[in-house]
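Take a look at the structure below.
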Amino acid sequence: MKFTTPATTNPIDRLKVVGKPTDRIDGPLKTTGTAPYAYEQHKAAPDAAYGYVVGAAIAKGRIAAIDTAAAKAAPGVLAVVTHENAGKLGKGDKNTVRLLAGPEVQHYHQAVAVIVAETFEQARAAAALLKVEYAKQAGVYDLEAAKNAAKKPDEKDKPDTKVGSFDSAYASAPVKFDGTYTTPDQSHAMMEPHASIAVWNGDKLTLYTSNQMINWGKKDLAKTLGIPEQNVRLVSPYVGGGFGGKLFLRAEALMAALGARAAGRPVKVTLQRAIMINNTTHRPATIQRIRIGATREGRITAIAHESWSGDQPGGQPETAVMQTRLLYAGQHRMTRMRLATLDLPEGNSMRAPGEAPGLMALEIAIDEMAEKLKMDPVTFRIVNDTTVDPEKPGRKFSQRRFVDCMRMGAERFGWNKRNPVPGQVRDGRWLVGIGVASAFRNNIVTPSAARVRLGRDGRITVETDMTDIGTGSYTIIAQTAAEMMGVPLERVDVRLGDSAYPVSSGSGGQWGGNSSTAGVYAACVKLREAVAKKLGLDPAGADFADGQVRAGGKAVALQDAARDAEVVGEDKMEYGDLDKKFQQSTFGAHFVEVGVDAATGEIRVRRMLAVCAAGRILNPKSARSQVIGAMTMGVGAALMEDLVVDKRIGFFVNHDLAGYEVPVHADIPHQEVVFLDETDPISSPMKAKGVGELGICGVAAAVANAIYNATGVRVRDYPVTLDKLLPKLPPLRSA
Ligand code: MOS
């Protein structure tokens, strides 16, 4: 099915099942610990041996020699695979670096070997006996120092945009602001580490893994191993968090496949946490300069956003300027990204890549500009709303209820009680402040296929290679099929995460919710046609409701269509150019109250509110969970998360969950989430958009702005830690 014109009324609009705050159908499996994650697929490979990955001990250079004799002779060892005996390997399309080093080493903890043994402990002990000699080379690890040598990225990354004449408009603006912000490297730090079990059957490989994008992983694994795609099957029914860290094939998958081939046994490999952070991808650090010019009344006349980030050769920029192209009005504008070559681990997507770090900078700058203008920050944002794409003024947004989000949020949060003068509000030992930031994230639609079966028992089974990375995919897909086929949710089974099923959108870029359910919608349309035909009814007028098919005055039990044999519908939702004609984005407003200890600078978040406009909310409970998770991650970005670069050695020092801090429950207060009641007929027949990334966008700036309001201290380098506040806190007075 091709989606080329705005959605009209369809069966989803009945909202008998879709739109209800249904509990997660995989919830009981998760809470009882019985959902099998990749490393726990014991039934699939009861005789699996254990692989242990050895990571490079240098960031850049060559492996001069590897002596495997002692490791091979260690107790229980079945195989040792290095670049010397791995055979010829290719590189996946989505990988920037190679997943097995040798002889070149491209980054610290790049895999140099996998040791396969009967037990994990034997593999780990043998790994300590592997002797690797390196020829080290000098590398570049410091973004600030490499900034001036940064280059314009590939045109496909759309590095530069320009409208009107920024320089002259900025020069002549009566009120101007120029600020530079930095965001650090960040780690996905998901609960479940990367893990895979590889099982070879002749020349066919099955990989039980933990991956967001099954089809990308399958293609890239085949390409890396140099075997036909049809000989590779990926199975990933449950994923313990991804956040972008599992979008692509990673080293443990290849090491499991190579280890299993060498050992002649199934092999399971997990990236032990201590090498995971330097071995895999991370969100790259940025340096961002923002300049804003405005009239005295607060209308933006000139806005510029420049961002510098780094990556491995052949890598991509962190697209931190994206939202600035679309969020605020302003006649004269420019954005620019520059990319430095760094020898740190590969940078890549992490939850809301681009907008998340981009808004961390932009939304402080907007707060600073509002202050210069002596304007309320909510009002300043509302005044500079735009109904069209400000870079392409003929192009409208499919929906844009940004101002509604701001107004409703301000009202609910009690914004009018905010003291605009910083450092004035005390509650015992706490300096109290509130802050606001805009939320913005684009909505991407992407093709997605599914197969839906009506079984002889009357049950509906959905099959698609879509993944559920903790987001609720199982549940919203079941809701979609139940709505379309007119059956209760309990009569639907959903099977996900297997490359044997039709290729879905996968989970990434907050496109999965809308796109994967739209694919299920398309398959259900096919199944409805097949069912009606089999029952001798006219499919055009048929109504599927209450377990019946009604048409032409007749009502037949749905199950009757499958009395003799199951009925199957399969289709793929594809998209025309609606997303080119209209700009599709999601909007929101974040409000945060913080307390800062007047003596110690300790920062506590006290209240959070997000108001979101993201099309139809398919399941308010799972959508809320997505947003509160994202808000929590935003607090991490504001206050804690920081991969510290050792600029001499070229690696992330705090490469485990002891040193890389993320919020825990005690750090997070009650969080309120409000969804505007809207549908977006441009997005798909589901009229839905993504929320999983919108929820993080802007949060960190709202926290930073609240800290400023509480203390009068403006911190432009994330994370905002107390050492950056302490020297500038207002003089102590008694509470
Ligand atoms: Mo997302 S960062 O594309 O998983």
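Evaluate segment 357-372: report whether one residue or more is open to solvent by less than 20 Å² (accessible area, probe 1.4 Å) and not in a helix (DSSP H, G or I). No, segment 357-372 has no match at all.
Can you spot a residue in segment 443-456 that is in contact with a His (Cβ under 9 Å, 6 or more places away or on another chain), part of a strand (DSSP E or B) and either within 16 Å of the ligand (Cβ to nearest atom) or modelled with pLDDT of 95 or more (or both)? Show your work before the answer.
Start the filter on segment 443-456 by keeping residues that are in contact with a His (Cβ under 9 Å, 6 or more places away or on another chain), which leaves none.
Taking every residue of segment 443-456 in turn, none turns out to be in contact with a His (Cβ under 9 Å, 6 or more places away or on another chain), part of a strand (DSSP E or B) and either within 16 Å of the ligand (Cβ to nearest atom) or modelled with pLDDT of 95 or more (or both).
Considering only residues that are part of a loop (DSSP other than H, G, I, E, B) and touching a residue at least 60 places away in the same chain (Cβ under 8 Å), look in segment 374-385 and name the one that is surrounded by the fewest Cβ atoms within 10 Å (Cβ to Cβ). For segment 374-385, the residue satisfying everything is Met375.
Looking at Val627, Val592, just one residue is assigned to a strand (DSSP E or B), modelled with pLDDT of 95 or more and open to solvent by less than 10 Å² (accessible area, probe 1.4 Å), and that residue is Val592. Checking each residue in segment 184-203 for being touching a strand residue (DSSP E or B) at 6+ places or on another chain (Cβ under 7 Å), outside any loop (DSSP other than H, G, I, E, B) and open to solvent by 10 Å² or more (accessible area, probe 1.4 Å) picks out only Val199. On the given criteria, is Leu29 outside any loop (DSSP other than H, G, I, E, B) and assigned by TED's automatic domain parsing to the domain that holds Thr224? No, not satisfied. For segment 307-351, a tally of residues being without any contact (Cβ under 8 Å) to a residue 60 or more places away in the chain and within 16 Å of the ligand (Cβ to nearest atom) returns 1. Of the strands (runs of 3 or more DSSP E) lying entirely inside segment 105-178, those carrying at least 3 residues that are in contact with a Gly (Cβ under 9 Å, 6 or more places away or on another chain) are 111-117, 131-136. Somewhere in segment 254-268, is a residue open to solvent by less than 10 Å² (accessible area, probe 1.4 Å) and either on the phi > 0 side of the Ramachandran plot or within 16 Å of the ligand (Cβ to nearest atom) (or both)? No, because not a single residue in segment 254-268 is open to solvent by less than 10 Å² (accessible area, probe 1.4 Å) and either on the phi > 0 side of the Ramachandran plot or within 16 Å of the ligand (Cβ to nearest atom) (or both). Do we have any residue at all in segment 473-494 that's within 22 Å of Glu192 (Cβ to Cβ), within 16 Å of the ligand (Cβ to nearest atom) and touching a residue at least 12 places away in the same chain (Cβ under 8 Å)? Yes, that holds for at least one residue. Scanning segment 687-718 for residues that are part of a loop (DSSP other than H, G, I, E, B) and out of contact with any Gly (no Cβ under 8 Å at 6 or more places or on another chain), we see that the one that is farthest from the ligand (Cβ to nearest atom) is Val713. Within segment 719-734, being assigned to a helix (DSSP H, G or I) and in contact with a helix residue (DSSP H, G or I) (Cβ under 8 Å, 6 or more places away or on another chain) holds for Leu725, Lys728.
For segment 127-148, the count of residues that are outside the structural domain of Asp343 (by TED's automatic domain parsing), open to solvent by 70 Å² or more (accessible area, probe 1.4 Å), of a type outside the set (S, T, N, Q) and touching a Phe, Trp or Tyr at 6+ places or on another chain (Cβ under 8 Å) is zero. Mind checking whether some residue in segment 661-677 is assigned to a loop (DSSP other than H, G, I, E, B), in contact (Cβ under 8 Å) with a residue 40 or more places away in the chain and crowded, with 20+ Cβ neighbours inside 10 Å? No, because not a single residue in segment 661-677 is assigned to a loop (DSSP other than H, G, I, E, B), in contact (Cβ under 8 Å) with a residue 40 or more places away in the chain and crowded, with 20+ Cβ neighbours inside 10 Å. Would you confirm, using the coordinates I've provided, whether Asn85 is assigned to a helix (DSSP H, G or I) and surrounded by fewer than 15 Cβ atoms within 10 Å (Cβ to Cβ)? Answer is no for this residue. Summed over segment 498-514, the residues that are in a helix (DSSP H, G or I) and away from the ligand (no atom under 12 Å from the Cβ) give a count of 2.
Do we find that Thr22 is β-branched (Val, Ile, Thr), assigned to a loop (DSSP other than H, G, I, E, B) and in contact (Cβ under 8 Å) with a residue 60 or more places away in the chain in this structure? Outline the logic, then answer.
Working: β-branched (Val, Ile, Thr): yes; assigned to a loop (DSSP other than H, G, I, E, B): yes; in contact (Cβ under 8 Å) with a residue 60 or more places away in the chain: yes.
Answer is yes for this residue.
The values are calculated or read from the model by the stated rules, or taken from the named source; none is laboratory data. Fair warning: this is a prediction, and the values are worked out from it, not measured in the lab. Here the Cβ is made from the backbone with ideal geometry for all residues, glycine too, and neighbour counts use every protein chain on show. Remember, those area values only see protein heavy atoms, side chains included, never the ligands or the DNA or RNA. Shrake-Rupley method; radii C 1.70, N 1.55, O 1.52, S 1.80 Å.
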